[in-house]
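Worksheet: one structure, shown below.
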Amino acid sequence: MAFGSFRDWLAELERAGELRRIVEPVATELELTALADAEMKRPGGGQALLIERPTVNGVVSPFPLAINTLGSWKRMALSLGAESVDAVAADLGELVKARPPASLKEAVQLISRGLELRHARPRVVHDGPCKEVIHRFDPVPVRTEPWPAAPDILVKSPRTPAQPPSLLNLPILKCWPLDGGRFVTLPCVVTQDPDTGARNLGMYRVQVYDDQTVGLHWQLQKVAARHGRRYYETGTPMPVAIFLGGDPVYPFAATAPLPDGLDEFLLAGYLRKKSIELVKCETSDLQVPANADFVIEGYVDPREPLRMEGPFGDHTGYYTLPEPYPVMHITAITHRRDAVYPATIVGRPPMEDFYIGAASVKLFLPIFQANFPEIVDIALPAEGVFHNLVVVSIRKTYPLQAFKIMHGLWGMGQMMFTKYIIVVDHDVNVHNTSEVMFHWLSNTDPQRDSIFTRGPADVLDHATTEIAMGTKQGFDATRKLASEGFKRPWPPLIRMEPG
């Protein structure tokens, strides 16, 4: 199902009983986080919240704010226009497994699927609702001396609603007490490879320094960082566009673990079953969805020194400490007249991002199974905050197959960040952490059934000795085979007869 605007999405949530309106003023400094955190930790993820009068430094923002709109299985399914995320995953799985038709019926089904895929490719239009209000900024001189050692906390008073949109009157959150300032927490960031022209849509937090300058936290293994390195090598200013709102499938596509070079707008178009209309930015040639609520345009100048970004209360449950990152200068902000500011918060799980990430795992399970047919299911428990723990069940048929799966997963995209992998048998429910722990602790001999290796680590992992480098451990918690050198009989599990 395609949503023409973010307000359409909120209306759908309200019809489904998934939205709660809050009419009293709520401060974007910490108060809104406390409210949203409590809601996200309710059973099943609570409800989406529409804050009608968010305040910035005590002044009501001209824009309402919505948060936790994807923070449950039901809302994730609604955003994808389906009864369940599993149904969408099954549909994608059929596409992945498509083979040459062996009958007229199969040929008709394949043609039908091809007609559906025609919506995946975006199309360019000349104008759109995201340009109903346009505010261009005067250029600022390039800074050549180092930035201050610590980032500034934004303390300027916001402009009144009658004035043009700026980073000072958008309801941008200061999420946690030790945060280094305000952060845009649900930004869809568009960059382009200067050599190939390939576009990337990613999600990297954005720290607001002042009304025209922000910090871009793209980690060194991310595609946008790779694009940025090419601009730094050539000394050419790098255009960047950040958009918020529009169809709820956009942030999902921005966080999806797609292979490098595959356009995330293709995935978004496929999931919403309607082509995405893209419009050119006002101050660069980058393209953004015409139905977005806000677009923040700007550039990174390679001649300018990096600036300390952070601290930031992160999805790991800990603060990310300050590190140097690129500075983006704002050249324009455009928005819809009826724009709603989308936001999220991250912190100790479970939070909204758990449902977004878990939906990605479900959706891309067929891709994993295409590479490793023995895989039955995969889970990323909330306690593992995505990169710390992966549990995978397999149909084991030969010796050391579990170790083959570990090495294979560590070599696939963002799975390279996984710190621990536990492999269990096909009949173990990987989504039941208690059941997984029972089999893990029962079925392993620590020395025989574990393996250590080295590899890239998540930049946000504070436990590694060096940033972005660390060790990994895998556990084979499957039943041991005689062909693996196991000389004892394997005992049966205690089970009652059905009668």
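The values are calculated or read from the model by the stated rules, or taken from the named source; none is laboratory data. Everything quoted here is computed from the prediction, not taken from an experiment. Because the Cβ atoms are built from the backbone with ideal geometry, glycine has one as well, and the counts that use them run over all protein chains shown.
Are any residues in segment 448-481 more than 15 Å from Ala402 (Cβ to Cβ) and not hydrophobic (A, V, I, L, M, F, W, C), and if so, which ones?
If the condition is that a residue be more than 15 Å from Ala402 (Cβ to Cβ) and not hydrophobic (A, V, I, L, M, F, W, C), then Arg454, Gly455, Pro456, Asp458, Asp461, His462, Thr464, Thr465, Glu466, Gly470, Thr471 are the ones that fit.
Taking segment 308-348, which residues are surrounded by fewer than 23 Cβ atoms within 10 Å (Cβ to Cβ), of a type in the set (Asp, Glu) and not in a loop (DSSP other than H, G, I, E, B)?
Scanning segment 308-348 gives a single hit, Glu323.
Among the hydrophobic types (A, V, I, L, M, F, W, C) and in contact with a Gly (Cβ under 8 Å, 6 or more places away or on another chain) - does that describe any residue in segment 10-26?
No: segment 10-26 contains no residue that is among the hydrophobic types (A, V, I, L, M, F, W, C) and in contact with a Gly (Cβ under 8 Å, 6 or more places away or on another chain).
If we keep just the residues of segment 272-303 that are part of a loop (DSSP other than H, G, I, E, B) and of a type in the set (D, E, K, R), which is farthest from Met203 (Cα to Cα)?
Arg303
Within segment 337-353, identify whether any single residue is charged (D, E, K, R), more than 22 Å from Thr418 (Cβ to Cβ) and out of contact with any Cys (no Cβ under 6 Å at 6 or more places or on another chain), and answer yes or no. Show your work before the answer.
Of all residues in segment 337-353, those charged (D, E, K, R) come to 337-338, 348, 352-353.
The next check asks that each one be more than 22 Å from Thr418 (Cβ to Cβ); those that pass are 337-338.
Then keep just the ones that are out of contact with any Cys (no Cβ under 6 Å at 6 or more places or on another chain); that gives 337-338.
Among the residues of segment 337-353, at least one is charged (D, E, K, R), more than 22 Å from Thr418 (Cβ to Cβ) and out of contact with any Cys (no Cβ under 6 Å at 6 or more places or on another chain), which makes the answer yes.
Looking for something surrounded by 14 or more Cβ atoms within 10 Å (Cβ to Cβ), among the β-branched types (Val, Ile, Thr) and either free of Cβ contacts under 8 Å to residues at least 12 places away in the same chain or not assigned by TED's automatic domain parsing to the domain that holds Glu323 (or both) - is there at least one such residue anywhere in segment 444-453?
Step one: filter segment 444-453 for residues surrounded by 14 or more Cβ atoms within 10 Å (Cβ to Cβ), giving 444, 449-451.
Filter once more, so that each one left must be among the β-branched types (Val, Ile, Thr): 444, 451.
Filter once more, keeping what is either free of Cβ contacts under 8 Å to residues at least 12 places away in the same chain or not assigned by TED's automatic domain parsing to the domain that holds Glu323 (or both): 444, 451.
Checked against the condition, which is being surrounded by 14 or more Cβ atoms within 10 Å (Cβ to Cβ), among the β-branched types (Val, Ile, Thr) and either free of Cβ contacts under 8 Å to residues at least 12 places away in the same chain or not assigned by TED's automatic domain parsing to the domain that holds Glu323 (or both), segment 444-453 yields at least one hit.
Of everything in segment 349-404, what is in a loop (DSSP other than H, G, I, E, B), over 19 Å from the mean Cα position of the chain (by Cα) and buried (at least 21 other Cβ atoms within 10 Å of the Cβ)? Give them in sequence order.
Correct list: Lys396 only.
Based on what the data block shows, is Arg53 among the basic types (Lys, Arg), modelled with pLDDT of 95 or more, more than 30 Å from Leu278 (Cβ to Cβ) and in contact with an Asp or Glu (Cβ under 9 Å, 6 or more places away or on another chain)?
Criteria met by Arg53.
Taking segment 40-56, which residues are in a loop (DSSP other than H, G, I, E, B) and either free of Cβ contacts under 8 Å to residues at least 24 places away in the same chain or crowded, with 18+ Cβ neighbours inside 10 Å (or both)?
Selection gives Arg42, Gly46, Gln47.
Does Leu167 fit the bill of being in contact with a Pro (Cβ under 8 Å, 6 or more places away or on another chain) and modelled with pLDDT of 75 or more?
No; evaluated as a whole, the condition is false for this residue.
Within segment 474-489, can you find the residues that are assigned to a loop (DSSP other than H, G, I, E, B), surrounded by 11 or more Cβ atoms within 10 Å (Cβ to Cβ) and free of Cβ contacts under 8 Å to residues at least 24 places away in the same chain? Explain how you work it out, then say what you get.
Residues of segment 474-489 that are assigned to a loop (DSSP other than H, G, I, E, B), as a first pass: 477-481, 485-489.
So of that shortlist, the ones also surrounded by 11 or more Cβ atoms within 10 Å (Cβ to Cβ) come out as 477-481, 486.
Phe486, the sole residue that qualifies.
Being in a loop (DSSP other than H, G, I, E, B) and either touching a Leu at 6+ places or on another chain (Cβ under 8 Å) or under 14 Å from Ser79 (Cβ atoms) (or both) is the filter here, so list the residues in segment 5-39 that pass it.
Scanning segment 5-39 gives Ser5, Ala16, Glu18, Thr28.
Does segment 231-238 contain at least one residue that is in a strand (DSSP E or B), assigned by TED's automatic domain parsing to the domain that holds Thr196 and farther than 12 Å from Pro326 by Cα?
No; the residues of segment 231-238 include none that is in a strand (DSSP E or B), assigned by TED's automatic domain parsing to the domain that holds Thr196 and farther than 12 Å from Pro326 by Cα.
Quick one: how many residues across segment 71-125 are hydrophobic (A, V, I, L, M, F, W, C) and modelled with pLDDT under 75?
Counting residues in segment 71-125 that are hydrophobic (A, V, I, L, M, F, W, C) and modelled with pLDDT under 75 gives 11.
How about segment 172-218: which of its residues are more than 15 Å from Val295 (Cα to Cα), of a type in the set (A, V, I, L, M), modelled with pLDDT of 90 or more and in a loop (DSSP other than H, G, I, E, B)?
Of everything in segment 172-218, just one residue is more than 15 Å from Val295 (Cα to Cα), of a type in the set (A, V, I, L, M), modelled with pLDDT of 90 or more and in a loop (DSSP other than H, G, I, E, B), namely Leu178.
Filter segment 454-473 for residues that are touching a Phe, Trp or Tyr at 6+ places or on another chain (Cβ under 7 Å) and part of a strand (DSSP E or B); which is surrounded by the fewest Cβ atoms within 10 Å (Cβ to Cβ)? Please lay out each step first, then the result.
So in segment 454-473, the residues touching a Phe, Trp or Tyr at 6+ places or on another chain (Cβ under 7 Å) come out as 455-458, 462, 471-473.
Restricting the remaining residues to those that are part of a strand (DSSP E or B) gives 455-456, 471-473.
On the way: Gly455: 14, Pro456: 15, Thr471: 12, Lys472: 19, Gln473: 14.
Residue satisfying both the conditions and the ranking: Thr471.
Here is a check on your reading of the model: is Val392 outside the structural domain of Thr213 (by TED's automatic domain parsing) and of a type outside the set (Gly, Ala, Ser)?
Yes.
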